[in-house]
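Everything on this sheet refers to the single structure shown next.
The values are calculated or read from the model by the stated rules, or taken from the named source; none is laboratory data. Keep in mind that what you see is a predicted model, and the values were worked out from it rather than measured. Here Cβ is always computed from backbone atoms with ideal geometry, including for glycine, and neighbour counts include all displayed protein chains. All accessible areas refer to the heavy atoms of the entire protein, side chains included, with ligands and DNA or RNA removed. Shrake-Rupley method; radii C 1.70, N 1.55, O 1.52, S 1.80 Å.
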Amino acid sequence: MTDEQYTKAPFYRVRRMTAWLRAQGYGVNPKQVRRFLRRLGLQAIYPHRRIGFSSPGHKLYPYLLEGVKVERPDQVWGADITYISLAQGFAYLIAIMDWYSRYVVSWEVSSTLDSRFCAEALSKALWTSRPETFNTDQGYSSPLRSLEVRISMDGRSRVYDNIFVERLWRTVKYEEVYLHAYQTISEARQGLGAYFLFYNMERLHQSLSYRKPSEVYFGASARV
């Protein structure tokens with residue numbers, strides 16, 4: 001229930017989420033809600049420092065997208081992480097998306113929140129193509145530097161940096177996850193695999209003038 005409300009209103013902070021849960025009949029206090037949200041890896045969307053996989057000494061990069069108009073495929077990719085509820089616990093999902101076409105270049109699911117599954121997703125994405133700029137707050141920049149990809153990172157974390165991926169999470173959860181109630185991480189991988197294939201290749205997007213992400217991504221870049 002909390003994850004559905006978070007998807008509807010990701011700007012709800014602890015106090016507002018506590019009030020909402022109480023209105024549903026749950027006797028919770030802010031401390032319990034804060035602990036629960038942390039356990040699930042959720043944060044309200046508001047200007048604050050994001051949690052990534054950076055370690056002490058990890059290189060920071062400047063924010064490169066101020067005022068930039070995204071006009072073509074592979075101009076900007078963005079990555080973000082959410083969680084997927086399972087019958088027993090939850091799993092983490094990362095997606096790497098092309099901002100222009102909304103095409104999900106790659107994705108991965110993991111039972112633990114560590115940098116390895118992010119690196120795997122990036123490796124798969126780079127087999128498809130490479131972006132001019134990669135916007136992220138995660139700590140896997142080495143492959144990008146070797147390919148001369150510009151890395152955009154903002155330590156203050158702008159709220160709408162990954163707004164396209166945030167919208168993707170809402171779509172994925174309402175059109176796939178909530179409808180199937182995965183029992184295991186294997187079921188999640190299978191279901192999400194089928195869904196992302198549909199999302200990229202068949203789903204018509206209003207923001208793309210009712211075209212498919214694959215049509216815009218490959219067609220606009222003449223790489224069919």
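Residue pairs whose Cβ atoms lie under 7 Å apart, separated by 6 or more positions or on different chains, with the first residue in the range 117-129 and free of Cβ contacts under 8 Å to residues at least 40 places away in the same chain and open to solvent by less than 10 Å² (accessible area, probe 1.4 Å) and the second acidic (Asp, Glu) and in a helix (DSSP H, G or I), do not occur.
In summary, Ser157 fulfils each of the numbered conditions (1) part of a helix (DSSP H, G or I); (2) hydroxyl-bearing (Ser, Thr, Tyr); (3) modelled with pLDDT under 90 with the single exception of condition (1). When the range 38-87 is filtered for residues that are charged (D, E, K, R), more than 22 Å from Ala125 (Cβ to Cβ) and at pLDDT 60 or above, the ones remaining, listed by number, are Arg38, Arg39, Glu66, Lys69. If you go through the range 88-107 and keep only what is modelled with pLDDT of 95 or more and farther than 17 Å from Arg167 by Cβ, you end up with just Ser106. Confirm whether Arg145 is within 15 Å of Pro62 (Cα to Cα), at pLDDT 65 or above and open to solvent by 70 Å² or more (accessible area, probe 1.4 Å). Considered against the rule, which asks whether it is within 15 Å of Pro62 (Cα to Cα), at pLDDT 65 or above and open to solvent by 70 Å² or more (accessible area, probe 1.4 Å), Arg145 comes out as yes. Against the test of being modelled with pLDDT of 90 or more, under 16 Å from Ala121 (Cβ atoms), not small (Gly, Ala, Ser) and not in a loop (DSSP other than H, G, I, E, B), the options Val172, Val177, Val216 yield a single qualifying residue, Val172.
Consider the range 180-210. How many of its residues are out of contact with any helix residue (DSSP H, G or I) (no Cβ under 6 Å at 6 or more places or on another chain), assigned to a helix (DSSP H, G or I) and either open to solvent by less than 60 Å² (accessible area, probe 1.4 Å) or acidic (Asp, Glu) (or both)? Give the steps one after another, and end with the answer.
First, pick out the residues of the range 180-210 that are out of contact with any helix residue (DSSP H, G or I) (no Cβ under 6 Å at 6 or more places or on another chain): 181, 183-190, 192-194, 196-199, 202-207, 209-210.
With the extra rule that they be assigned to a helix (DSSP H, G or I), the set shrinks to 185-190, 192-194, 196-199, 206-207.
With either open to solvent by less than 60 Å² (accessible area, probe 1.4 Å) or acidic (Asp, Glu) (or both) added as a condition, the list becomes 185, 187-188, 192-193, 196, 199.
Selection size over the range 180-210: 7.
Count of the range 80-113 residues, restricted to those that are among the hydrophobic types (A, V, I, L, M, F, W, C), in contact (Cβ under 8 Å) with a residue 60 or more places away in the chain and more than 16 Å from Phe218 (Cα to Cα), is 9.
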